[in-house]
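A.B. asks: Please read through the structure below; I'll follow up with questions.
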Amino acid sequence: MAPDIEKTDEEWREELTPEQYEVLRRQGTERAFTGDYVYNHDTGMYRCAGCGADLFSSETKFESGSGWPSFYEPAVAANVEVHEDRSHGMVRTEVRCKRCGGHLGHVFPDGPNPTGLRYCINSCALDFDKVK
Ligand code: FE
C-alpha cells in the first residue's frame with residue numbers, strides 16, 4: 001500500500017539529516033551502540049523522525065544488548081508495516097513507518113514476553129518525546 005505521505009527524494013534529502021536520510025529513505029543501518037536512544041530510559045513516546053507518527057512507547061523498550069533501541073511491540077500497530085527483506089544474503093522482516101514509508105529497522109522473533117518479538121530500530125529514525 002502506498003504511504004500517506006509522499007515526497008520526492010529531493011524533498012526528503014532536504015528535510016532529513018544525512019544519517020536520517022540514509023536510514024529512512026535508503027534502508028541504511030546506523031552503527032551499533034552509536035544511536036542517541038540505545039540507553040535511553042526516560043518515559044515517553046518515540047515518533048517517526050520522517051513524519052512524526054507515534055511508533056514505540058518507552059513502556060515496551062527493553063535492553064537487548066544489540067546496540068539498537070529495542071521494543072517488544074509498536075505503540076500503535078496501524079502505524080507500522082512489515083515487509084520481507086532479502087538484502088545482504090539474509091531473510092529478515094523489515095519494519096517501516098506506514099505513514100511515510102520510512103525504513104525503521106527489523107523485527108526478530110527472539111524478543112521477551114508478552115510478544116516474543118524484538119523490534120530492532122535505528123535511533124536516528126526516531127524522535128523522542130519525553131513525558132515530564
Ligand atoms: Fe513516518
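A.B. asks: Output the peptides 57-70, 90-103, 25-38 sorted from most to least packed, where packing is the average of other Cβ atoms within 10 Å over each peptide's residues.
C.D. replies: Put in order of decreasing packing, that is 90-103, 57-70, 25-38.
A.B. asks: May I pose another question? Output the lone cysteines of the chain: those with no second cysteine's C-beta under 4.7 Å from their C-beta.
C.D. replies: C120, C124
A.B. asks: Also, I was wondering about something else. Does the range 53-132 come out rounded, prolate or oblate by the C-alpha gyration tensor, with a ≥ b ≥ c the root eigenvalues, rounded set by a/c under 1.5 and, if not, prolate when a/b is larger than b/c and oblate if not?
C.D. replies: Oblate, since a/c reaches 1.5 and b/c is not below a/b.
A.B. asks: Also, I was wondering about something else. Please list, in order along the range 10-21, the HN-Hα scalar couplings obtained from phi with the Karplus expression 6.51 cos²θ - 1.76 cosθ + 1.60 (θ = phi - 60°), rounded to whole Hz, x for Gly and Pro.
C.D. replies: Computed from phi, the couplings for the range 10-21 are 5, 5, 4, 4, 6, 7, 9, 5, x, 5, 4, 4 Hz.
A.B. asks: Under a 5 Å amide H to amide H cut-off, with H placed in plane at 1.01 Å, what residues pair with G102 once short-range neighbours are removed?
C.D. replies: Long-range HN contacts for G102: C97.
A.B. asks: Further question on the same structure: Suppose every K and R has +1 on its Cβ and every D and E has -1 on its Cβ; what is the size of the dipole of the chain about the Cα centre, in Debye to the nearest 20?
C.D. replies: 240
Coordinate-derived values only; no laboratory data. All values reported here derive from a predicted model rather than from experimental measurement. For neighbour counting, all protein chains shown are included, and Cβ atoms are generated from backbone atoms with ideal geometry for every residue, glycine included.
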